[in-house]
């Protein structure tokens with residue numbers, strides 16, 4: 001059972017393998033170019049495990065930003081992660097000793113895979129989520145460190161490979177769209193975020209977008225939350 | 001304070017902030033404790049809205065007013081949607097989309 005669970009997790013994590021290696025290598029190269037050795041790549045990819053957070057982090061370090069600024073900017077850049085747990089309270093329930101690590105490793109990509117996971121015969125869900133997290137973490141560390149060590153000698157032009165993440169999110173969105181009759185939450189998510197991006201700019205749009213999305217969903221509760229589980233259900 | 005120590009402290013602070021954000025919902029609503037119905041409701045509808053948000057988030061660096069006007073992203077995304085609706089195979093859709101996008105940014109829209 002564990003073997004089958006692991007195989008399933010490995011198979012499902014393959015798009016992340018491509019994306020994380022690409023993004024990780026890009027990050028490692030950036031780190032190296034600012035004069036930080038691969039030890040920093042290991043330290044940051046192990047302890048932070050956050051794509052955009054780590055990219056921005058290199059700038060904070062290189063510019064010698066104060067600890068307060070560093071904390072505040074990290075809070076803004078990664079604020080979206082605050083949302084994820086709310087939809088996983090039940091999915092991660094009862095995961096016991098595995099749970100803290102699963103929460104620690106809750107990246108955009110892991111979250112999207114966990115969301116789209118369907119229960120399967122012979123697959124232990126909790127372990128499946130744990131394996132996904134650990135596999136993704138290992139890809140990320142591998143990418144970051146290889147970028148820092150040999151990024152300059154990359155044998156091929158990898159420009160554009162980071163589109164793997166975008167493609168994965170689009171695929172998950174299409175899947176959700178096809179398997180749900182209620183499309184309002186998805187539309188709200190896209191439209192609200194797009195409007196906030198235009199209004200607030202690329203640096204600060206995500207927190208207003210999150211607040212608005214949550215407010216809109218709460219306001220539309222009467223419409224979206226009748227006893228029709230097939231409408232909202234991901235469970 | 002040496003810049004190495006300062007950078008180390010920065011990494012520590014960043015790691016703590018990120019972990020804090022990820023743990024917060026689970027700390028606010030621990031297992032076995034009753035939680036407001038609205039939270040359960042949000043947990044059900046949020047994934048749809050969040051994935052929509054993440055898709056837009058991926059395009060935040062794309063400029064539609066300067067060459068190549070977001071065309072590589074648009075074409076590759078349309079490809080992913082089409083292929084996925086047709087075949088419903090995540091690996092085919094994602095890797096196919098990456099291949100199309102890489103061709104576009106490396107060879108077509110240079």
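Here, each number is a calculation from the coordinates, and none is a lab measurement. What you see is a predicted model, and the numbers here were worked out from it, not measured in a lab. Glycine also receives a Cβ, built like all others from the backbone with ideal geometry; neighbour counts cover every protein chain displayed.
Return one number: the angle in degrees, 0 to 90 and rounded to the nearest 10, between the long axis of the Cα atoms of helix A:184-200 and the longest principal axis of the Cα atoms of chain A. It is inclined by approximately 40 degrees.
Taking other Cβ within 10 Å of each residue's Cβ, how do A:162, A:124, A:12 sort, fewest first?
In order of increasing Cβ crowding within 10 Å: A:124, A:12, A:162.
Using equal-weight Cα scatterers in the Debye expression, the normalised intensity of chain B in log10 at q = 0.13, 0.14 Å⁻¹ is -0.84, -0.89. If the Kirkwood radius is taken over C-alpha pairs of region B:1-55, then at 10 °C and 1.306 mPa s the Stokes-Einstein diffusion coefficient equals 112 µm²/s.
Placing a label point 7 Å from the Cα of residue A:39 along the Cα-to-Cβ direction, the residues of region B:7-30 with a backbone N closer than 17 Å are B:7-12. For region A:1-77, the extents of the C-alpha atoms along the principal axes are 49, 25, 18 Å, listed from largest to smallest. Per residue, the convex hull spanned by the Cα atoms of chain A measures out at 148 cubic angstrom. Compute the acute angle (0 to 90°) between the alpha-carbon long axis of helix A:67-77 and the principal axis of greatest extent of the alpha-carbon atoms of chain A; round to the nearest 10°. Between the helix axis and the principal axis of chain A, the angle is about 40 degrees. The Rg/Rh ratio of region B:47-110, with both radii computed over alpha carbons and Rh defined as the Kirkwood radius, is 1.00.
Note on A:87-95: average number of Cβ atoms from other chains within 10 Å of each residue's Cβ is 5. For chain B, the longest principal axis of the alpha carbon atoms and the long axis of helix B:90-103 meet at an angle near 60°.
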